[in-house]
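Asks: Below are the structure tokens for one structure; questions will follow.
The values are calculated or read from the model by the stated rules, or taken from the named source; none is laboratory data. These numbers come from a predicted model, not from an experiment. Positions of Cβ are backbone-derived with ideal geometry, glycine not excepted, and every protein chain shown enters the neighbour counts.
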Amino acid sequence: MKKTFGFDPTKKFHISEEVYGTLDKFFFNTSLDLNLFLDYFRPVVQRGQDDEVAWNKLYAAYPTAYPAEHAELQQRLSGNLPEGWKQDLPPKSALPTAPQATHKSSGIAVQALIPKCEAFMAGSADLMESTLVDFKGQVEFQSVCNFFVNAFTAITDAKLC
């Protein structure tokens, strides 16, 4: 991706002098010393690199130390539902035959998947009950951050984006 946008792919955590100059031009009044800004933030680059190295070492040891948890984490991070999820959906014969709003159909699927998909997340802004993505045992994202949550968003209508 860096090559596509004309950047040197060998440089990591790199902010060019041109960018710093742009910051100076647009965000700082001319009486401020850009070097104070640069001196303050440049050490963050090394700290970020050090933190990434430490994280990678810790993460590399995780599968050995916690194999079951690692397998679950990998499954969750994959973005895929667990194997066999289709069998949890109700058969076509059990679904409504009359036309209905798509959020009602979605709600039927959510309710069927929740019992076996502990990592399930649903989003509905402030319309959870009317979009039928609330479920028994849910934990709201605002109060507890874990994988068994119903994540709310601040945008209630995609047209606002």
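Asks: Given the conditions (1) at pLDDT 55 or above; (2) within 25 Å of E69 (Cα to Cα); (3) buried (at least 16 other Cβ atoms within 10 Å of the Cβ); (4) not basic (K, R), which single one is not true for V139?
Replies: (3)
For every residue, the table says whether it meets (1) farther than 30 Å from L132 by Cα; (2) surrounded by 10 or more Cβ atoms within 10 Å (Cβ to Cβ).
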| position | (1), (2) |
| --- | --- |
| Y59 | yes, yes |
| Y62 | yes, yes |
| A65 | yes, no |
| E72 | no, yes |
| K86 | no, no |
| A94 | no, no |
| P99 | no, no |
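Asks: Closer than 29 Å to K11 by Cα and modelled with pLDDT under 90: which single residue out of L95, L77, L58 fits that description?
Replies: Details: L95 fails: closer than 29 Å to K11 by Cα; L58 fails: modelled with pLDDT under 90.
Exactly one residue qualifies, and that residue is L77.
Asks: Something else about it: Out of all the residues in region 35-66, which are closer than 26 Å to E18 by Cβ and β-branched (V, I, T)?
Replies: V44, V45
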